[in-house]
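Taken together, the values in this text are just the output of simple stated rules run on the coordinates, not laboratory data. Treat the numbers as computed from the prediction; the structure is a model and nothing was measured. Cβ coordinates were reconstructed from backbone atoms using ideal geometry, including for glycine residues, and neighbour counts include every protein chain displayed.
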Amino acid sequence: MGAGRAEHSAARASLFIFLLAFAVRAAPLVYWVSNHENFYRLGGEIGKVALSLMRSGQFADPYMIPTGPTAHPTPLSPALLALIYHAFGMTAAAGYVRALVGICSYSALYALLPWFARRLGLGTRAGIFAGVACALIPQQGLGEVIGLGATAHAALAFALLTVAFLYRWTAERLSAAGSVLLGMACGAAFHILPPLLLVVLGNLIFELWWKRGRRKWLLAACVAAGAALACVPWTWRNYTALHGFFFIRSNFGLELRIANHPGAAADIEVTYARQGTLRHPSENLGEAHRVRDLGEAEYNRQARNEALAWIRTHPGEFLRLTLMRFLHFWCGPLRDPWLAALFTTVTVLALLALRRILPALTAPGRAALLMPLATFPLVYYVVSYVAHYPAPLAWMLLLLAGYQVQSWIRDPGRTAG
């Protein structure tokens, strides 16, 4: 009876959070549309690829000029945009649908935070605190109002996989078929957020250490096989279209070079302000011509080699930049003291919550919290800080912060730890 009431109360809280988040974002949408007649126009790399899909059926041309087949963006967002704009045309209706898909995606993510918190051992109330805070304060600013919700899709995939692995580690019996299905879900999630590969690898390493029995190797191999199977179609498409093997996206070499060259800063916005432009084919015509002439895969290979050569000859500067990128990832944009203070506060609250909660959890529960925090950011320590890079992990930090705040409210006389 008590459990049923708790479930009912959590469901009502989730519905309230969804409606609150939707209302907070829908109101600015109306204002924005009334002041921006062309709000529905497609731009940026994702928008340009969506236009290419609509016009020619090709996943191509993300830059300033037509450059041919691409794997620069992940496949979901351009495909979803192409479907919306194919159905509604280049009209305001398409812009409204795009925005509503994004608003609903963020609202669903925040509404699910109580459920995620409960499954991870943090308690429903921590999720309610986090969900209400996120509903009231758009984490991605205007992107949560007029965007497609790509960050929300990535965060949802991240959170669902985290809960799935925790369930797997605590289940009494696992099947090979279920392991393959989980692996396929992981592979599908990689197409939304490629750095989840690091999280999944970390989870499997923990699983092999934690589990007992001879079947653990077989079951872990089934997860890996399912993930590989899910990645085969996109990998084959990339090989035939771009003539190269790489993991989901082709642009790592480009991002590595932008982050590691003479005069680079940890924050890409600071680099841009210093240099006036970036060696990026989305804004540098010469670089766009190079992509067209070399092909995207070869262009990125050369960019990667340039970056690695600079890193080898400037190890001290690379170490300094890496440390600064670490600080930006966890503390926010240091060029903006107010935002940095907000991000740092959330990180500190999350650390206090970990200190409080970890001793009470089992080893799987601790791994479900620590493995994502340790593995997901690794790739972002070597490329320039961009505001949306840490965003797919924010749901966990906010849940932990919510846990710490509700702990203080419940027991104000007790200090953390």
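Taking all Cα pairs closer than 8 Å and separated by 6 or more residues, the relative contact order of the chain comes to 20 percent.
Footprinting exposure proxy ranking of V291, V200, V379, V232, fewest other C-beta atoms within 10 angstrom first, gives V232, V379, V200, V291.
Counting beta carbons within 10 Å around each of I103, I128 and listing the fewest first gives the order I128, I103. With the simple model of a label 7 Å out from the Cα in the direction of the Cβ, T240 to L323 spans 5.0 nm.
Think of it as helices only: each DSSP H run of n ≥ 4 in the chain is worth -39500 (n - 2.57), and spread over all residues that comes to -23500 deg cm²/dmol at 222 nm.
Listed by Cβ neighbour count within 10 Å, with the fewest neighbours leading, R214, R168, R55 appear as R214, R55, R168. Can you find, among G226, L198, G213, the residue farthest towards the positive end of the dipole of the range 149-241? Put +1 on the C-beta of Lys and Arg, -1 on that of Asp and Glu. Checking the options against the dipole of the range 149-241, the answer is G213.
The magnitude of the dipole of the chain, with charges of +1 and -1 set on the Cβ of Lys/Arg and Asp/Glu and taken from the Cα centre, is near 1340 debye. Of the residues L229, L354, L20, the one that moves most in a GNM of the chain with alpha-carbon contacts below 10 Å is L229. Taking a ≥ b ≥ c as the square roots of the eigenvalues of the alpha-carbon gyration tensor, the chain is classed rounded because a/c is under 1.5. Scanning residues 5 or more positions from Y385 or on other chains, those with amide H under 5 Å from its amide H are D267, I268, with H placed 1.01 Å from N in the peptide plane. Between the C-alpha center of the range 340-417 and that of the range 112-170 there is a gap of 13 Å.
For the pair L142 and A27, the difference between a 0.36 nm per residue extended length and the Cα-Cα distance amounts to 40.2 nm.
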